[in-house]
1. Write out, first by first residue and then by second, each pair whose Cβ atoms fall under 7 Å of each other, whose residues are 6+ apart or on separate chains, and whose first residue, in the range 26-51, is surrounded by fewer than 18 Cβ atoms within 10 Å (Cβ to Cβ) while the second is in a helix (DSSP H, G or I) and at pLDDT 90 or above.
2. Among the residues of the range 14-32 satisfying the criterion of being farther than 20 Å from His87 by Cα and of a type in the set (A, V, I, L, M), which is modelled with the lowest pLDDT?
3. Name the single residue, out of those in the range 100-112 being out of contact with any His (no Cβ under 8 Å at 6 or more places or on another chain) and at pLDDT below 80, that is surrounded by the most Cβ atoms within 10 Å (Cβ to Cβ).
4. If we scan the range 132-141, do we find a residue that is assigned to a helix (DSSP H, G or I), aliphatic (A, V, I, L, M), closer than 15 Å to Met21 by Cβ and modelled with pLDDT of 65 or more?
5. Can you find a residue in the range 65-73 that is modelled with pLDDT of 75 or more, surrounded by 18 or more Cβ atoms within 10 Å (Cβ to Cβ) and either among the hydrophobic types (A, V, I, L, M, F, W, C) or part of a helix (DSSP H, G or I) (or both)?
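The values are calculated or read from the model by the stated rules, or taken from the named source; none is laboratory data. Keep in mind it's a predicted model, so treat the numbers as computed, not measured. No Cβ is skipped: glycine too gets one built from the backbone with ideal geometry, and neighbour counts run over all protein chains shown.
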Amino acid sequence: MAEIWSEGAFSLLLLAFALGMDSFSVALGMGMRPIRLRHIFTSGLMVGIFHMVMPAVGIVIGQLLSVNLDTMASLIGGLLLIALGSHAIFSSLVDKSLPTYTPVGAGVWLFAFSVSIDSFSAGLSLGIAGYAVVVTIIMFGIVSTMMTWGGFLLGRKAHGFLGVYSGILGGSILCSMGLHTIF
């Protein structure tokens, strides 16, 4: 039983890290512009809240679907994670300029929603696979908040060389989690 919990917790931590890579890379780019520390703080909290709400809704819907899709649950959940990971890898390879909004006012909501939308799909696949709701959303929230803060703060020091690579790493982790779920 302890082996299953540690494997499941480690898998969820990897998934939380992969989902947080998107917010990290966007925050890294945004952090290269002058942003006040209090805006960095509130942006990280908003991303964490969105990374808790979006997958929670996805998990609940996924659990409702799993009653009807019991035999296909692992396949569907794994394919969703692979699709998310592939999208993250390909979108990180496309040349993007810095976002035109700043994490102030409505920009905070837009930023938090845009980097958290993939958490809904991941939550949906986790719900279909039968993962625990509370542990998952708390882990997603904490990891994404920390990674967002880290991205902003590193962006203040760096000149953008990690942005593409963090998206590729995050997408690779999502794809591997999808393969793990299927097999």
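1. Leu45/Thr145; Ile49/Gly141
2. Met32
3. The extreme case among them is Phe111.
4. yes
5. no
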